[in-house]
Every structure is written in structure tokens, then in C-alpha cells.
1. Each residue of region 91-102 in turn: what ³J(HN,Hα) in whole Hz from Karplus with 6.51, -1.76, 1.60 and θ = phi - 60°, glycine and Pro shown as x?
2. Just how large is the dipole of the chain about the Cα centre, in debye to the nearest 20, putting +1 at every Lys and Arg Cβ and -1 at every Asp and Glu Cβ?
3. Explain nothing, just compute: Karplus ³J(HN,Hα) = 6.51 cos²θ - 1.76 cosθ + 1.60, θ = phi - 60°, for every residue of region 151-165 in order, whole Hz, x for Gly and Pro.
4. Percent of accessible area on the chain owned by carbon and sulfur, 1.4 Å probe?
5. Please figure out what share of the DSSP beta bridges in the chain is antiparallel and state it in percent, rounded to the nearest 5.
6. Cα convex hull of the chain: mean projected area in nm², to one decimal?
7. On C-alpha positions alone, give me the angle between the axis of helix 208-225 and the longest principal axis of the chain, in degrees, nearest 10.
8. With θ set to phi - 60° and the Karplus curve 6.51 cos²θ - 1.76 cosθ + 1.60, what are the ³J(HN,Hα) couplings of region 263-277 in order, to the nearest whole Hz, using x for Gly and Pro?
Amino acid sequence: MNALIKSATIVDSKSDFHNETVDILIEKGRISKIAKHITNPKNYQEIKRDHLHVSQGWFDSSVSFGEPGYEERETISNGLKTAAYAGFTAVALNANSNPVIDSYADITFVKSKAQNNAVSLYPIGALTQRSKGEDLAELYDMTNAGAVAFYDYQHPISDPNLMKIALQYASNFNGLICSFPQESRISGLGVVNEHINSTKLGLKGNPALAEELQVARDLFLLEYTEAKLHIPTISTAKSVELIRAAKAKNLNVTCSVAIHNLMLSDVVLEDFDTNYKVLPPLRTSKDCDALIEGLKDGTIDMVTTDHNPIDIEHKKIEFDYAKYGTVGLESAFGALQTLFTTKKTISLLTQGKSRFKIKSTTINEGEIADLTLFNPNTSYEFSTDHITSRSKNSAFLGTTLKGKTYGIIANDLIALK
């Protein structure tokens, strides 16, 4: 693949050309030249866009595509197209499918479906067989097949001894264990945050305590095992405090936060819109503020879209019975830019790769082209027209976002809108 990117502002603090507006020549998938002006040497494809900016490729540590089993929600092929148009060159795929991805063969299958794509797909294998929380899955075999972590997506491990064994076993081959932060015996049948609004709306509450107890338990187990742990999608101020204290003790822990939990609080639930039914639930504005502060001071290691397409039959129903989840890839950049500067937004979208054994590149001559192309200088109201996913269950519909993506250049391929 050969291309010439014209007049692009580089946003990459590790690049020699950070904040400069330059031309970028790409030959055979590698950056061969960066300069103020480059003449097209061999009639290569020229890429020009309004207010064009270029950064390292973005990474999302938690996406679900449905396939196999839920292709009506999303397929791997269209999911990767969605990720590319949203600016992501790498995604970690949850085992949120039917059958659950819990074996060597399952990992091989999803990797094969993602071959020859601009977006690199990194499978997360289920932590337990069929994500039932009873017996460990084939963790080592899945590692050999290419799994980058192990996680029963949104299924908490209730047995502390099973979690202890998982941490100890995975440490033998440097495996990453992920634990969903919810104590189900506390959350019960709660569907929204337990607070004033849940009482006003007559909806069952899922208290912050349910998350915080699980986080505290897992941090105790981590300290005991001296292993490696990732806590996905925390949502409360107390969780931030607990993880901050654990890091001060040099425990090997990382965590993420879903972008919708940063931007949206439980006040949006007043119309019973099931697009806002997510797990963990939307919390209070004070929790949102604490999560944002956690990102700023480095307590929270990465953001995620927690992209989870749900078909209309499971969303356009009574709130109690609707499935949890929102699509988030398409709105990620625009949503983050309403909270942070462009520089900080790009930093957040490129963090977390090393935790999932993914190599990073810089925008310098001689480097492999792994690039996201975007325009940070536009505002618009997000609608279904902006959604590439098969499912349209977005929590950001009707929200004013800032900035749009053009696509990516990665894996010796160009994927632009």
C-alpha cells in the first residue's frame, strides 16, 4: 500500500514532528518520508481532508461484536469496519458470543474472521468455561492461540477461591486476568444506580457498594497472589480511591472506564430510555467527576467504549427486561473531546496497548504506518446516521459531540469513509 497524506497536523508526543503540519509519504505500509511538502513520486493515492490531523492508531480494550451466535446484532466483519471508520486500528474482542469464546478453536475462529483487515483484532478468552463462573477455561491453550487476556464479560466471579486460583495460574505464563467489578449478591435485580433517581423512577437499584466490595476483594486477592489484574469499566468514586491506594502499594493492577460512565449520569434516565441501560449503571455526577479526575492523575489507565451492539428486539422493550449495552465506537472521539483537550483525548485513546501485549508505533520516518485520521474542529448532533454498527443502541443519540474521524491506515491497508 502506497499513499501520500497531504497537510496533516501530527498529534503524537513521541514523534519528531509533533504539532507540525506536514506531508506524510507511505510506501509499502511504512512511513518513508515526512516533510513540509512532498511531491507525489509515483502517482500514489493522495489523501486530503479538512483540518486533517493524524495520530498513532487508537486502541479499545473492550468491544463486543456478537459473532458467533448473535450476528443479528453485529458481525465481526462489520464490527471491524465500524472500528476503522471510528478511528481504531486495534480492538480487544470480548468473549460475549454464543458459544462463548473459551477454547483454542474459538480463539482461532475469531482471529481467522479478522484476517486481511486494517483493524487488528485481539481476542479476550473467557475466564471460566462458558462464562459460568464454575471452572476455569483453557487459559494456557487460548494464550497459545492468541488470546491477550481472560474475562467473563460482565459476569462477576463470585467464588473468591476461583479468582485466587485464576490469578495464580495465569501468573505462570504472564496471563492477564480481568474481573468484572460487581458483587451480584449485593446488586441483586438492580437495573440502575441505587440513588434518588432510582427511587423517583421506581426502578430497582444497583448500589455503588456492589462494585466497591468486588474491587476491594479482588485487590486483596491480587496482593496475596502477587499476580496481574485488570479491572474493566469501573464506575464509582470509591473504586477510584481503592485502585489509587492499590497502586500506591505497587500492586500490578490496571483499570478502565467506559466513556458513557464519564459523560452521563443517572439523571438522563427520566424518560426510561433503554439506550441508557448499561452495566455498570450510570452513576451520579460526583462519580463522573471522580472518574475524570482518575484519568487525569493516572489512576485509571485507559478509556473504553465498551461497545456492545444490541438488536432492537432486546432494547425497545420495558426497561426492566431490556438488555444492557450501548454501541460506542462511533461516538468515542467526539464524546471525549467534550471533556478533554484534543491532546489529552488522543493520549487516552492510545493508552493501554502494552497491557494487552500490543505494540505501539510512533509517527516517524521508517516506522510502520499505524495511523488514525481525524478532524478535531467540528461539532454536530450525534444521530443514527453516524452509526455504522448493525445495531443502533447508542446512549449518545441527540448529544452534541466535538470532532469527527476519517478512518485509519494500518496493516498495509487504507480504510477511510
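1. Each residue's phi maps through the Karplus curve to give 9, 9, 8, 6, 7, 8, 8, 9, x, 5, 7, 9 Hz.
2. 920 debye
3. Karplus values, whole Hz, x for Gly and Pro: 7, 7, 3, 6, 10, x, 8, 7, 7, x, 5, 5, 5, 4, 5.
4. Carbon plus sulfur share of accessible area: 47 percent.
5. Restricted to the chain, the bridges split so that about 50 percent are antiparallel.
6. 18.6 nm²
7. 80 degrees
8. 8, 10, 10, 6, 5, 6, 7, 4, 8, 6, 6, 6, 5, 8, 7
The values are calculated or read from the model by the stated rules, or taken from the named source; none is laboratory data. From a predicted model like this one, the values you see are computed outputs, not experimental measurements. Glycine gets a Cβ as well: all are built from the backbone with ideal geometry, and neighbour counts include every protein chain shown. In case anyone asks, the SASA skips ligands and DNA or RNA and just uses the protein heavy atoms, side chains included. Shrake-Rupley method; radii C 1.70, N 1.55, O 1.52, S 1.80 Å.
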